[in-house]
Amino acid sequence: MHEINYYADLAQKILGGDTAYYHDKKMIANIFQAKKGKDFDKIKLRLTIIDSYYSTQMNKRFFGIEEIAEKILAVSKNDEELINKFKNFIENPNEEMKILELFKTKFGCKKTGEQSGVAPSIISKYAYFLTNFKFPIYDNLAKEGYKLICKKYPNLELRKLNDNNIVNYFENISNLNKITNINNYDKLDNLLWLYGKLTQGSFSLILHKKDYLKLVNNIKFKSEKSKDVDNKIRNYIIENLNSSKLLDIFKKETIEFMKFCYN
């Protein structure tokens, strides 16, 4: 078992506890399990909930969510058929052409009427929940986590991501899942998501409000810009990672994972 597998288990334990991340994920999963409603309305509702909680920015595209829902309906007759297509795609991306086309299609338009771009993030998250977490998520956190693991474990000889090639991404994530013996896309997503979040200095989804306020009240901020605040929080934690200041804020598992991220 590769060391990464251990930290994937640890990430899943952290995120599977009493966190906002877990409760949000559970609520979205419940929406996918609901069978009532017309197919188009059901798909649109699922996409809208994902967009709201994952901030995929589809709400900023005119007609984007509606067009994705229509395209999903055109790809398959029902959920069961679509689940099989998504699972086949992750094993052979170049052979499941309807799913590949779904990832390559541009959806929505700007206020000026100019066509918007592709939407792999929200589509991968739709597949993730539809398959009961058996499909990898595509987003900036996952890509950042993958790149960090490439640097941290050069012995794995992981290939670089090509940001303009969706097949390259899924082939590389599938390879990472196999060679580390994680063999679980949900666990792998937990690892990449948490690694990416902590590296950014974003902690609101893994801390209760009282603990988050306790953390930030210890820090003097010179700027209210989101990125500057995140950097300040991250740097404070790195500076105090081996001190007792964090023990009454974070659980021991989270501190262990932070040491994995920051050291």
Looking at (1) more than 23 Å from LYS210 (Cβ to Cβ); (2) under 20 Å from the mean Cα position of the chain (by Cα); (3) touching a residue at least 60 places away in the same chain (Cβ under 8 Å); (4) in the same structural domain as LEU194 (by TED's automatic domain parsing), which one does TYR6 not meet, given that it meets all the others? (3)
Extreme residue, surrounded by the fewest Cβ atoms within 10 Å (Cβ to Cβ), among residues of region 124-161 that are acidic (Asp, Glu) and under 20 Å from TYR54 (Cβ atoms): GLU144
Confirm whether THR199 is under 27 Å from TYR22 (Cα atoms), more than 17 Å from the chain's Cα centre (by Cα), of a type in the set (Ser, Thr, Tyr) and assigned by TED's automatic domain parsing to the domain that holds SER226. no
Which condition number in (1) within 23 Å of GLY145 (Cβ to Cβ); (2) in a loop (DSSP other than H, G, I, E, B) is the one that ASP230 fails? (2)
Would you confirm, using the coordinates I've provided, whether LYS227 is surrounded by fewer than 17 Cβ atoms within 10 Å (Cβ to Cβ), in the same structural domain as SER204 (by TED's automatic domain parsing) and under 18 Å from LYS152 (Cβ atoms)? no
Kindly evaluate LYS110 against the criterion of being out of contact with any His (no Cβ under 7 Å at 6 or more places or on another chain), of a type outside the set (Gly, Ala, Ser) and at pLDDT 95 or above. no
What pairs can you find where one residue is in region 194-214 and in contact (Cβ under 8 Å) with a residue 40 or more places away in the chain, the other is aliphatic (A, V, I, L, M) and in a loop (DSSP other than H, G, I, E, B), and their Cβ atoms are less than 8 Å apart, with a gap of 6+ or different chains? LEU194/ILE206; LYS197/LEU205; LYS197/ILE206; LEU207/ILE249
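The values are calculated or read from the model by the stated rules, or taken from the named source; none is laboratory data. All values derive from a computational prediction rather than experimental measurement. Neighbour counts are summed over all protein chains in view; Cβ atoms, including those assigned to glycine, are modelled from backbone coordinates with ideal geometry.
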